[in-house]
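Structure first, commentary second.
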Amino acid sequence: MKQKMKQIIPDFLFDVLNEKRKLIQNRFLFKRDKKRFLKYYSRKNSTICEQIKAKILFYSHSIEKGLSHENIRLGFGKKTILYLLDNMSIYSKNNYDLEDPVYLNAVSIVKEYVHLHKNNSFNINYIPKKYEKLVKDCENSSLSLGGIKKFSSTTENRNKYRNFEELALNRHSVRDFSERPVDVSLIQSSIQIATKSPSVCNRQSSRVYILRDKDKIAKALQIQGGFNGYEIPPCLIAVTTDTRYFVNITERNQIYIDGGIFGMSLLYALEYNDLATCALNMMFDSTKEKKTRSLLGVPTYENFIMYIAVGHFKDHYTVPKSFRLKQKQITTYL
Ligand SMILES: Cc1cc2nc3c(=O)[nH]c(=O)nc-3n(C[C@H](O)[C@H](O)[C@H](O)COP(=O)(O)O)c2cc1C
């Protein structure tokens, strides 16, 4: 069809029509992405198993993070624990699999939460009676999937001597850092390693911003909002991608894929250089986006991928366990 038209129509007209066709196709692709996301994401009152599991994971993680705080504040997460219990109840009322690791992880996190408060004689009567049985079941469970892990990092440069499997399986997001400043050469060396990340047609669109000024980091994290209650890290990295390096509308999501791959390589490289890290989201509404662009001087043609909080490991630190699914639970053979 395209070839036939090319023969009949003059070249200039063909190009104009072709551009018009692409424009219509482009609008359609963006519209379809939007429609698909709005149709399937886990919104309020969703009752599909995966959508409830998303909420259970979200609230479990939030409680688990609270449990890992160095200076734990008893009574933390009052609303979150109720949202978690509510979603666990909805899940069980819908007769979904109570042996699913996502549910079991939540059970063990509720158990840890209740035990922590009971052991410290802290009244958790903000948990309504309607959850009494569920809470009791969690308390009596012998599961230890969720909760916290404590580490002592007495040996220097541990990660330099680990093979990839050991490095990957022992990496944890660390949110409490030593006050020791981070030598910029370690960050530079990590970025150099991350530049070896693959990217679509080797377009290499990822860009990195390094923040080491405490006030600026504090401002950036205040806008970000997902790092509340922790000390300001000695270093914050922002990873972005440059849209100008993409040549076709079908690459519209590649700006995030290439950025994500680069971000993960950078996380591993920083860990390899014996730095503690935590990826932090840059999923902003328009106000936060505007403020962050202005604070960091990031132009509108760049896309926010992630922040990475970076610092040296403390001698002793605690992290959420952040359980993982087994490979067979996420793999399909065709
Ligand atoms: C893109 C991205 C954004 C994240 N955002 C946050 C965040 O805003 N706050 C936070 O405390 N952790 C954040 N995390 C860390 C995750 O909570 C963490 O990676 C996950 O729970 C798995 O734990 P692990 O990294 O210790 O294995 C983020 C991770 C990624 C990859």
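Within the range 289-324, take every residue that is of a type in the set (Lys, Arg) and within 12 Å of the ligand (Cβ to nearest atom) and give me the one that is surrounded by the fewest Cβ atoms within 10 Å (Cβ to Cβ).
Once the filter is applied, the top-ranked residue is 324.
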- Message: I'd like to check something: does the range 180-202 contain any residue that is within 16 Å of the ligand (Cβ to nearest atom) and either in a loop (DSSP other than H, G, I, E, B) or open to solvent by less than 50 Å² (accessible area, probe 1.4 Å) (or both)?
- Response: yes
- Hey, does the range 215-234 have a residue that's more than 13 Å from the ligand (Cβ to nearest atom), crowded, with 19+ Cβ neighbours inside 10 Å and in contact (Cβ under 8 Å) with a residue 24 or more places away in the chain? yes
- Go through (1) in contact (Cβ under 8 Å) with a residue 24 or more places away in the chain; (2) under 30 Å from residue 229 (Cα atoms); (3) open to solvent by 70 Å² or more (accessible area, probe 1.4 Å) one by one and return the number of the condition residue 47 breaks. (2)
- Item | Considering residues of the range 209-239 that are assigned to a loop (DSSP other than H, G, I, E, B) and acidic (Asp, Glu) only, the residue farthest from residue 186 (Cα to Cα) | 231
- Query: Taking the stated definitions as given, is residue 78 of a type in the set (D, E, K, R), without any contact (Cβ under 8 Å) to a residue 60 or more places away in the chain, buried (at least 21 other Cβ atoms within 10 Å of the Cβ) and at negative phi?
  - Reply: no
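Looking at 176, 215, which is the one that is farther than 21 Å from residue 263 by Cβ, touching a Phe, Trp or Tyr at 6+ places or on another chain (Cβ under 9 Å) and not assigned by TED's automatic domain parsing to the domain that holds residue 66? Write out each step before concluding.
Values: 215 fails: touching a Phe, Trp or Tyr at 6+ places or on another chain (Cβ under 9 Å).
It is 176.
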- Task: Taking the residues in the range 7-27 that are closer than 15 Å to residue 252 by Cα and basic (Lys, Arg) as candidates, determine which candidate is modelled with the lowest pLDDT.
- Result: 22
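The values are calculated or read from the model by the stated rules, or taken from the named source; none is laboratory data. Quick caveat: nothing in here was measured; it's all calculated off a predicted structure. All Cβ positions, glycine included, derive from the backbone under ideal geometry; neighbour counts span all protein chains shown. Just the protein is used for accessible areas: all its heavy atoms, side chains included, with ligands, DNA and RNA removed. Shrake-Rupley method; radii C 1.70, N 1.55, O 1.52, S 1.80 Å.
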